[in-house]
Amino acid sequence: MTIPDLDSYGALIYSLSQRFPPIQQSTLVLATLGPTLAKVEGQVVFEGDVVLDVWELVDFEAGRILKYSYEVYRSEEKILWYDPFEHPHMPELASTYPHHKHVLPDLKHNRVPAPGISFEHPNLPALVEEIVEDILPSSGGPIQ
């Protein structure tokens, strides 16, 4: 799926809690910043005291996410984050370059590829699905 128009992207964002029952609350807001530019900001709160903190800058004319920040917390402790900061000296990240994920035990330095994360398609469904399947293993996954 490519980045859709503003209304479709809003529908996708605002329907996440209907598709994923482990979501308890979402404060995500899609706000326009100009004729073709918008930001997504807020949190998605899951059962088990897990929170996804989201910030995206989206250009709908170009059909791409320009910048993003995704952080996952459990009981207020950051357990992983995603970013597109380039690390060309790290061949182990080449498969999803420049997108990667920082994971425990050393969040700042322990980087792994981030399949499913892109500038060209919505990332939130993949992020939520990963949280549901990997961080909340007893939740049963998304509703199709």
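The values are calculated or read from the model by the stated rules, or taken from the named source; none is laboratory data. Keep in mind the model is a prediction, meaning the values are calculated, not measured. Cβ: placed from backbone, ideal geometry, glycine included. Neighbour counts: every protein chain shown. Just the protein is used for accessible areas: all its heavy atoms, side chains included, with ligands, DNA and RNA removed. Shrake-Rupley method; radii C 1.70, N 1.55, O 1.52, S 1.80 Å.
Under a 1.4 Å probe, what is the accessible area of the chain per residue, stated in Å²? The partial results should precede the final answer.
Values: 7540 Å² over 144 residues.
So the chain comes to 52 Å² accessible per residue, rounded to a whole number.
Given a 10 angstrom Cα cut-off, can you work out which residue in PRO84, PRO21, PRO105 is the most mobile in a GNM of the chain?
Top of the fluctuation ranking is PRO105.
Per the Kirkwood treatment, what hydrodynamic radius in Å, one decimal, follows for region 77-122 from the mean inverse distance over all distinct Cα pairs?
On the way: mean 1/r = 0.0928 Å⁻¹.
The Cα-based Kirkwood calculation yields 10.8 Å.
Calculate I(q)/I(0) for the chain by the Debye formula, one identical point scatterer on each C-alpha and no solvent, and give its log10 at q = 0.08, 0.14 Å⁻¹ to two decimals.
-0.21, -0.66
Below 12 Å, Cα to Cα, which aspartates and glutamates can LYS39 reach? Residues fewer than 8 away in the same chain don't count.
Result set, ordered by chain and number: GLU56, ASP59.
Let me cross-check MET90: its accessible surface, 1.4 Å probe, with only protein heavy atoms counted, in Å² to the nearest 10?
MET90 has an accessible surface of roughly 30 Å² with all protein chains in place.
What longest region of the chain stays clear of GluC sites (Glu not before Pro) that DSSP places outside H, G, I, E and B and that have at most 15 other Cβ atoms within 10 Å?
Values: sites that count: GLU47, GLU61, GLU76, GLU86, GLU120.
Value returned for the longest uninterrupted segment is 1-46.
Using the 2.2 N^0.38 Å rule of thumb for compact globular proteins, work out how region 8-90 stacks up: its C-alpha Rg over that value, please.
Values: Rg = 14.2 Å, N = 83, 2.2 N^0.38 = 11.8 Å.
Dividing the Cα Rg of region 8-90 by 2.2 N^0.38 Å gives 1.20.
For PRO84, what is the net charge nearby, where nearby means another residue's Cβ is under 15 Å from its Cβ and Lys, Arg count +1, Asp, Glu -1?
Values: positive: ARG64, LYS67, LYS101, ARG111; negative: GLU56, ASP59, GLU71, ASP83, GLU86, GLU120.
With Lys, Arg at +1 and Asp, Glu at -1, the neighbours total -2.
Taking 20 °C and 1.002 mPa s as the conditions, I'd like the Stokes-Einstein D for region 3-52 in µm²/s, using the Kirkwood hydrodynamic radius from alpha carbon pairs.
184 µm²/s
Carbon-plus-sulfur fraction of the accessible area of region 48-87, 1.4 Å probe, in percent? It would help to have the intermediate numbers written out before the result.
Working: 910 of 1980 Å².
Accessible surface attributable to carbon and sulfur in region 48-87 totals 46 percent.
How would THR96, THR36, THR2 rank on accessible area, largest to smallest, probe 1.4 Å?
THR2, THR36, THR96
Counting other Cβ atoms within 10 Å, which trypsin sites (Lys or Arg not before Pro) in region 53-144 have at most 15 and lie in a DSSP loop? The partial results should precede the final answer.
Details: sites: ARG64, LYS67, ARG74, LYS78, LYS101, LYS108, ARG111; in loops: LYS108.
Listed in order of number, the matching sites are LYS108.
Protein chains only, probe 1.4 Å: how do HIS102, HIS121, HIS109, HIS89 rank by accessible area, largest first?
Values: HIS102 5, HIS121 55, HIS109 110, HIS89 135 Å².
Result, largest first: HIS89, HIS109, HIS121, HIS102.
For TYR97, what charge total do you get from the other residues with a beta carbon under 15 Å from its beta carbon, if Lys and Arg give +1 and Asp and Glu give -1?
That sum, taken over residues with Cβ under 15 Å, equals -2.
Cα to Cα, under 22 Å, and not fewer than 8 places away if on the same chain: which lysines meet these conditions relative to LYS78?
Within the straight-line limit of under 22 Å, LYS78 reaches these lysines: LYS67, LYS101, LYS108.
Could you work out [θ]222 nm for the chain from helices alone, using -39500 (n - 2.57) per DSSP H run of at least four and dividing by all its residues? Round to the nearest 500 deg cm²/dmol.
Numbers: 3 runs with 20 residues, N = 144.
Estimated from H runs of four or more residues: -3500 deg cm²/dmol.
Provide ASP5, ASP53 ordered by accessible surface of protein heavy atoms (probe 1.4 Å), highest first. Could you put the intermediate results ahead of the total?
Working: ASP5 85, ASP53 50 Å².
Ranked from most to least accessible, the order is ASP5, ASP53.
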